[in-house]
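Have a look at the structure below before the remarks.
The values are calculated or read from the model by the stated rules, or taken from the named source; none is laboratory data. As the structure is a computational prediction, the values presented were derived from the model and not from experiment. Positions of Cβ are generated from backbone atoms using ideal geometry, with glycine treated the same way; all protein chains shown enter the neighbour counts. Accessible surface is based on the protein model in full, side chains and every heavy atom, while ligands, DNA and RNA are left aside. Shrake-Rupley method; radii C 1.70, N 1.55, O 1.52, S 1.80 Å.
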Amino acid sequence: MIVDDKLSEYKDNIEALQLIDKLEVYRWMISLGKKLQDDPLSEEKRIDKNRVSRCQFSLFVDWEDGKFKAWSDAMIASGYAYILLDVFNSAGEEAKDITANSFEELDIGNLLSMNRQNGFYQMIGMMKERI
């Protein structure tokens, strides 16, 4: 249930911002990306096996200090990484049940470019492998 609640919260935010202006969604994603930098994945963990290779920028994810952490040099990628970390880290035992389909209600196809979608979905897969 935690996953559904988190996803509904993000969906509501996205829809409200889109009503104002689609650019507001990107500004919000950038603000989330800045929050990701408060507790980023350590430099030692930013290695090839933790790299989200389908992302056009540098994006890394791994389990560290008892939770998932990520780091990116791109603000939009940092923003969607923040969302994924928030959902997975809040889910507890439910995290094992999360799939790419769990995020359908966010309408990622209309929110992110194809390259960003590829990175988003690859990151989900990588996190699932590490649960």
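Below, the figures for the structure above:
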quantity: Amide H partners (placed H, <5 Å) of Leu59, local residues excluded; calculated: Val52
quantity: Most fluctuating residue given options Leu41, Leu17, Leu84, as computed from a GNM of the chain linking Cα atoms under 10 Å; calculated: Leu17
quantity: Hydrodynamic radius by Kirkwood, which averages 1/r over all alpha carbon pairs of the chain, in angstrom; calculated: 14.6
quantity: Estimated 222 nm signal from helices in the chain, with DSSP H stretches of n ≥ 4 weighted -39500 (n - 2.57), rounded to 500; calculated: -18000 deg cm²/dmol
quantity: Positive-pole candidate from Gly33, Ser102, Ile83, dipole of region 10-131, charges at beta carbon; calculated: Gly33
quantity: Alpha-carbon gyration tensor eigenvalues x 5, square-rooted, for region 1-64, Å; calculated: 27, 15, 11
quantity: Exposure of Arg116 as accessible area (Å², to 10), given a probe of 1.4 Å and all protein chains; calculated: 60
quantity: Lys, Arg +1 and Asp, Glu -1 on Cβ, resulting dipole of region 54-107 about Cα centre, debye, nearest 20; calculated: 220
quantity: Charge dipole (debye, nearest 20) of the chain; +1 at Cβ of Lys and Arg, -1 at Cβ of Asp and Glu; calculated: 520
quantity: Mean separation of Cα contacts under 8 Å, 6 or more apart, over the residue count of the chain: relative contact order %; calculated: 29
quantity: Backbone HN-Hα couplings from phi across region 87-97 [Karplus 6.51/-1.76/1.60, Hz, Gly and Pro as x]; calculated: 5, 5, 5, 7, 6, x, 5, 5, 4, 5, 8
